[in-house]
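Some notes on the structure that comes next.
The values are calculated or read from the model by the stated rules, or taken from the named source; none is laboratory data. Worth saying up front: this structure is predicted, and the values here are computed from it rather than measured. Here Cβ is always computed from backbone atoms with ideal geometry, including for glycine, and neighbour counts include all displayed protein chains.
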Amino acid sequence: MVSILIPFKNTERFLAECFVSICEQTYANWEVIAVDDHSTDTSKNLALGFSKQRLEITVIPNDGNGIIDALRTAYSKCKGQLITRMDCDDVMAPNKLQVMVDGLLANGKGHVAIGKVEYFSKQGIGAGYARYEKWLNALTATGSNYSEIYKECAIPSPCWMVFKEDLDACGAFNYDRYPEDYDLAFRFYEKGLKCIPCRHVLHRWRDYDNRTSRTSEHYAQNYFLDIKLHYFLKLERNANRPLVLWGAGNKGKKIAKSLRQHNIIFHWVCDNPKKIGKEIYGQQLFHFRKVQEVHNPQSIVTVANPEEQILIKSYFESCGQRHVLDYHFFC
C-alpha cells in the first residue's frame with residue numbers, strides 16, 4: 001500500500017482537482033491521509049466530501065500548527081509500506097503512483113523513486129521556474145540529483161516515494177528545519193538512498209501568487225543557505241583541508257558571516273575588481289587565483305550567474321579540482 005500524506009490549508013480553489021487526480025491513478029492500492037492545518041475557508045468540508053465518497057481518504061485535524069506538524073500528524077496515522085507526500089494544490093499524472101511503485105519494487109530498499117515535474121499557471125511560468133524545472137528534470141532523468149544538491153532542492157517535495165523503513169531511518173518528519181522538503185532531501189542524501197532515474201513527467205506543479213513557497217518566511221533565501229551550510233559542514237567538510245569561499249555578493253556575505261560565527265577559518269576570493277583587496281567583516285578578499293596558492297582546498301562557490309559558473313568550473317578543472325569532490329556550487 002502507498003500512503004499519500006497531504007497537508008492542506010485554505011486551498012479550496014485547487015483541492016478538488018488534486019483529489020480527483022489521485023482517485024484516477026492507474027495504481028489502486030493507496031490511502032490518503034489529509035491533514036487540515038486550521039483552514040478558514042471551505043477546504044475542510046470539501047476534503048470531508050471526498051472522504052465520504054472514497055473510504056481510502058481520511059481527513060484529520062493538525063495536531064499542531066504548520067506544514068511540518070501536519071506531516072507528522074499524517075505520518076502517525078498512515079498504514080502503507082510505501083510513503084509519499086502530495087501538495088494539495090498540485091496534480092498527479094495518472095501513472096505517477098504506478099511508475100514509482102514499480103521502481104521501488106524493482107530496486108528494493110535503499111532507493112528513492114522520483115519523477116519529472118511540470119510547472120503550470122494561468123499567468124504563465126516565469127524564467128526562474130522554467131530554469132528550475134529544466135535543471136531538476138535533467139538530474140532526475142539520470143538519477144544524478146545529489147550531484148548538485150547544494151544548488152537547490154534536488155528532489156521535488158511532492159514527487160518522491162520511499163519504503164517506510166527508509167524514511168524512518170532518515171528521521172522522517174522529526175526535524176524542525178525549513179524548508180522541510182530541502183532538509184529531507186539532504187537526509188536522503190546523508191543516508192545514501194539512491195535516486196531511481198525517471199524520464200516520465202509524473203507531477204504537475206501549480207504556481208500562483210500566494211503559494212506557500214512564495215509567501216512564507218520559511219522559504220526565504222536565508223533559510224536555504226542555512227541548510228546548505230549546515231549539511232556541508234556536517235557531510236562534506238574536511239577540517240584537514242583549507243576552506244575557500246568564492247563570491248562576495250549577498251549570498252557570499254551571508255556564508256562568510258556564518259563561517260565566522262562558527263569560528264571556521266577560510267580564504268575569501270572573488271573575481272570582482274571592485275572588491276578584491278577590500279575587507280568585509282574584517283576578512284580580506286583575494287583574487288580568485290588565490291585558489292592555486294592553497295594546497296588541496298575545499299571550495300564553496302556562491303556565484304549564481306550560469307555563464308560565470310561555466311568559467312569557474314573550467315578554472316577549477318584547470319587547477320585539477322573536481323566538482324563535488326573539491327568544490328560545490330551553493331546557487
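Summary of computed values
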{"quantity": "Which numbered condition Y27 fails, given (1) surrounded by fewer than 21 Cβ atoms within 10 Å (Cβ to Cβ); (2) of a type in the set (F, W, Y); (3) not in a loop (DSSP other than H, G, I, E, B)", "calculated": "(3)"}
{"quantity": "Residue list for the range 12-21, restricted to those being buried (at least 21 other Cβ atoms within 10 Å of the Cβ) and either touching a residue at least 40 places away in the same chain (Cβ under 8 Å) or outside the structural domain of Y75 (by TED's automatic domain parsing) (or both)", "calculated": "L15, C18"}
{"quantity": "Conditions (1) part of a helix (DSSP H, G or I); (2) touching a residue at least 40 places away in the same chain (Cβ under 8 Å); (3) among the hydrophobic types (A, V, I, L, M, F, W, C): number failed by W135", "calculated": "(2)"}
{"quantity": "Among the candidates K122, K79, K44, residue that is more than 23 Å from the chain's Cα centre (by Cα) and outside any loop (DSSP other than H, G, I, E, B)", "calculated": "K44"}
{"quantity": "Scope the range 288-317; condition under 28 Å from Y132 (Cα atoms) and part of a helix (DSSP H, G or I); matching residues", "calculated": "P306, E307, E308, Q309, I310, L311, I312, K313, S314, Y315, F316, E317"}
{"quantity": "Qualifying residue in the range 270-287 (condition: outside the structural domain of Y189 (by TED's automatic domain parsing), among the hydroxyl-bearing types (S, T, Y), outside any helix (DSSP H, G or I) and over 28 Å from the mean Cα position of the chain (by Cα))", "calculated": "yes"}
{"quantity": "Check on G128, assigned to a loop (DSSP other than H, G, I, E, B), on the phi < 0 side of the Ramachandran plot and surrounded by fewer than 19 Cβ atoms within 10 Å (Cβ to Cβ)", "calculated": "no"}
{"quantity": "Qualifying residue in the range 47-55 (condition: in contact with a Lys or Arg (Cβ under 6 Å, 6 or more places away or on another chain), at pLDDT 95 or above and in the same structural domain as A169 (by TED's automatic domain parsing))", "calculated": "no"}
